[in-house]
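Have a look at the structure below, then the notes.
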């Protein structure tokens, strides 16, 4: 898993770049970011991911009060 701190529009955020699969713990990373009031952007491929897990990540991003945003992935694009 790759996570870095970067800036966009003078706003710091965490960036998570990985395959969207349960073994990467992306759902946990989103939880930690939200609990610590850090914005996070999640990017990654989901072609080989269980659809239920991708949907879970999308829902976590949608329910994060603007702290989490999913950026890419085949299934993720279908929801936005």
Pop a pseudo-label 7 angstrom from the Cα along the beta-carbon direction at both residue 11 and residue 48 and give the gap in nm to one decimal. 3.4 nm
Taking the Cα-to-Cβ direction at residue 37 and at residue 64 and moving 7 Å from each Cα, how far apart do the two end points lie in nm? 1.7 nm
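Every read-out reported here was derived from the displayed coordinates using simple, explicitly stated rules and does not represent laboratory data. The model shown is predicted, which means the values in this text are computed figures rather than measured ones. We place every Cβ from the backbone using ideal geometry, glycine too, and count neighbours over all the protein chains shown.
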